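What follows is one structure encoded as structure tokens, with my remarks underneath.
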Amino acid sequence: MAFGERKPAKATTAESSLNLIELNAEMNGTLSFKEPVDLRINGQFSGKLDVKGSLTVGARANVEADITGDYVVIAGKVKGNVHATKLLTLMPSAVLLGDIHAPKLNVVEGAVFQGKCHMALNDVPAGDWFTVKELAAYLEIEEGVILELVNNGKIPVVREGQTVKFERAQIDHWAAAGAVK
């Protein structure tokens, strides 16, 4: 089965809330998304890509762009730097000519990568984390409600000892899924 023909597994509630955008043509310019999307490029693109959510570069795609995204999957050709805030996956047919910045990297046998790789657990831009107080202000709800959501496991949270913090991308995705009541 070819990469572009792969059928996705049954979507979860959070995944199904993402807006699917598929580009099968030739485009130039800047694409920037403030809300989480599932962007799939199967044609040619040159310029700049800034994606909240996931970006998939299909096996037949040819992209010349600096890319920023939460989850980035490359199966085609990319010339440019890639900054994945969550995970970068290079499929067997991938050719990436550029530098990588990602906390997690999955390179499948056969992928070609030429550039520098920077991996750090905190490879998320500054300002993308909230304290309980900051998150309460961001979501416009009381701190007590945030703590209740944390205690009930109903909100994405990172625990560091007694401290909790919240990653903006995860919170935005969670909120977009309609979890905020």
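The values are calculated or read from the model by the stated rules, or taken from the named source; none is laboratory data. Here the structure is a predicted model, which is why all the values come from computation and not from measurement. All Cβ positions, even for glycine, are placed from backbone atoms using ideal geometry, and neighbour counts span all protein chains on display.
A quick yes/no check of all residues on (1) within 30 Å of residue 149 (Cα to Cα); (2) basic (Lys, Arg):
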position	(1), (2)
57	no, no
60	no, yes
69	yes, no
77	no, yes
81	no, no
97	no, no
115	no, no
128	yes, no
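Kindly check whether there is at least one residue in segment 104-124 that is of a type in the set (Phe, Trp, Tyr) and in contact (Cβ under 8 Å) with a residue 40 or more places away in the chain. No, that holds for no residue. Taking the criterion of being within 20 Å of the chain's Cα centre (by Cα) and among the β-branched types (Val, Ile, Thr), would at least one residue in segment 111-131 satisfy it? The answer is yes; a qualifying residue exists.
Within segment 90-108, restricting attention to residues that are in a strand (DSSP E or B), modelled with pLDDT of 95 or more and out of contact with any Leu (no Cβ under 7 Å at 6 or more places or on another chain), which residue is surrounded by the most Cβ atoms within 10 Å (Cβ to Cβ)? Here the answer is 95. In segment 159-170, of all residues being on the phi < 0 side of the Ramachandran plot and out of contact with any Phe, Trp or Tyr (no Cβ under 7 Å at 6 or more places or on another chain), the one that is surrounded by the most Cβ atoms within 10 Å (Cβ to Cβ) corresponds to 169. Condition check for residue 85 on (1) surrounded by 14 or more Cβ atoms within 10 Å (Cβ to Cβ); (2) over 27 Å from residue 43 (Cβ atoms); (3) modelled with pLDDT under 90: one failure, at (2). Screening segment 26-77 for strands (runs of 3 or more DSSP E) wholly inside it with 3 or more residues that are under 21 Å from residue 104 (Cβ atoms) returns the ranges 37-41, 44-57, 62-74. Filter segment 44-75 for residues that are touching a Phe, Trp or Tyr at 6+ places or on another chain (Cβ under 8 Å) and touching a residue at least 40 places away in the same chain (Cβ under 8 Å); which is surrounded by the most Cβ atoms within 10 Å (Cβ to Cβ)? Among those that are touching a Phe, Trp or Tyr at 6+ places or on another chain (Cβ under 8 Å) and touching a residue at least 40 places away in the same chain (Cβ under 8 Å), it is 75.
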